[in-house]
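First comes the structure, then the notes that go with it.
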Amino acid sequence: MQQYQRDFIQLALEHDVLCFGDFTLKSGRQSPYFFNAGRFHSGAALAALGNAYAEAIIASGVDFDVIFGPAYKGIPLGAVTAVALAQKGVDKPFCYNRKEAKDHGEGGTLVGAPLKGKVLIIDDVITAGTAVREVMQIIQQQGAEPAGVVIGLNRQEKAGDDTDKSAIQQVEQEYAIPVIGIVELDDIISYLKSESASEDLLQKIIEYRQRYGVSTDK
């Protein structure tokens, strides 16, 4: 695990973005952990978050022309990532969308830089892949092409009971692009082991991983 990944997990724990307990997910599954990027809501936390996204992007080596932050959570995530990348010498244009078209001023649903060339999508998680597919339609309508998707956490979890693939694997295969996670569930497990977390918590997460997890997202 790279230092930026450890820093990201620590940041998520400090701000209760990564929580442990008993959570009911949208899928109906009972999860021993929950990830809510909306709790990164201070200036310092957002700066550190942007740095983590930037580090993951640089480490991946993905080639792209413009950053796209889909409404709503992707908007601040894309913005702080663009700033962090610029501070590291990678200055790229940034674009985001509105949910509803504006009928005055410049109009339309897109704000910021033109959406053209290779587009790197920034978001928090991919659960079912529905939001990503909506973004793909926006990108295609502009005559651009997706370069990849960057997310905070890869849950490494099957998309449903009728498949052995994760939503991330499905997106990667469907669009032939990489999905880059700052961390994945295996990293969280490794971190908890290194920090001597309770055996009970570790066992619950490992059992959840064994029951719903995919073998690999590579």
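The values are calculated or read from the model by the stated rules, or taken from the named source; none is laboratory data. Quantities reported herein were computed from a predicted structural model and do not represent experimental measurements. As a convention, Cβ positions derive from the backbone with ideal geometry for all residues, glycine included, and neighbour counts pool all protein chains shown. SASA here: full protein model, heavy atoms, side chains in, ligands and nucleic acids out. Shrake-Rupley method; radii C 1.70, N 1.55, O 1.52, S 1.80 Å.
The range 103-202 gives an Rg/Rh value of 1.11, both radii derived from C-alpha positions and Rh following Kirkwood.
Here the chain carries DSSP beta bridges of which approximately 40% are antiparallel, counting only pairs with both residues inside.
The modelled label-to-label distance for the pair ARG133/LYS193, using points 7 Å beyond Cα in the direction of Cβ, is 3.6 nm. For the range 131-140, 3J(HN,Hα) computed residue by residue from phi via the Karplus equation (6.51, -1.76, 1.60; θ = phi - 60°) reads 5, 5, 5, 5, 5, 4, 5, 4, 4, 5 Hz, glycine and proline entered as x. Each residue of the range 3-9 is assigned a 3J(HN,Hα), and the resulting list reads 4, 5, 6, 4, 4, 5, 5 Hz, derived from the Karplus form 6.51 cos²θ - 1.76 cosθ + 1.60 (θ = phi - 60°), x at Gly and Pro. Which residues among the range 183-218 fall inside the zone where the amide N is under 19 Å from a point 7 Å beyond the Cα of LYS92, along Cα→Cβ? Residues passing the 19 Å test: 183. Only protein atoms count toward the accessible area here, which uses a 1.4 Å probe; on the range 1-134, the carbon and sulfur part of that area reaches 52 percent. The relative contact order of the chain comes to 18 percent, based on Cα pairs under 8 Å that sit 6 or more residues apart. Around the amide H of SER166, modelled in the peptide plane, lie the amide H atoms of ALA159, all under 5 Å away and 5 or more residues distant in sequence or on another chain.
Gain on full extension, evaluated as 0.36 nm per residue between GLU100 and SER60 minus their Cα-Cα distance, stands at 11.1 nm.
Listed by chain and number, the lysines placed with their C-alpha closer than 30 angstrom to that of LYS99 are LYS26, LYS73, LYS116, LYS118, LYS158, LYS165; residues fewer than eight positions away on the same chain are left out.
Based on alpha-carbon centroids, what's the gap between the range 146-218 and the range 38-91 in Å, whole number please? Result: 21 Å between the Cα centres. For P(r) over Cα pairs in 10 Å bins from 0, in percent, the candidate list reads (1) 8, 34, 40, 17, 1; (2) 8, 29, 31, 18, 9, 4, 0; (3) 8, 34, 36, 18, 4, 0; the entry that matches the value derived from this model is (3). Maximal additional length on extending the ASP22-SER215 stretch stands at 67.1 nm, based on 0.36 nm per residue less the C-alpha distance. Over the chain, DSSP H runs of length four or greater, each weighted -39,500 (n - 2.57), average out per residue to a 222 nm ellipticity of -13000 deg cm²/dmol. Looking at the chain, the accessible area is 50 square angstrom per residue; that uses a 1.4 Å probe and ignores ligands, DNA and RNA.
Dipole size of the range 1-133 about its Cα centre, with +1 on Lys/Arg Cβ and -1 on Asp/Glu Cβ: approximately 280 debye, rounded to the nearest 20.
How would you classify the range 179-218 from its alpha-carbon gyration tensor, with a ≥ b ≥ c the square roots of the eigenvalues: rounded for a/c under 1.5, else prolate if a/b is greater than b/c, otherwise oblate? In terms of gyration-tensor shape, oblate.
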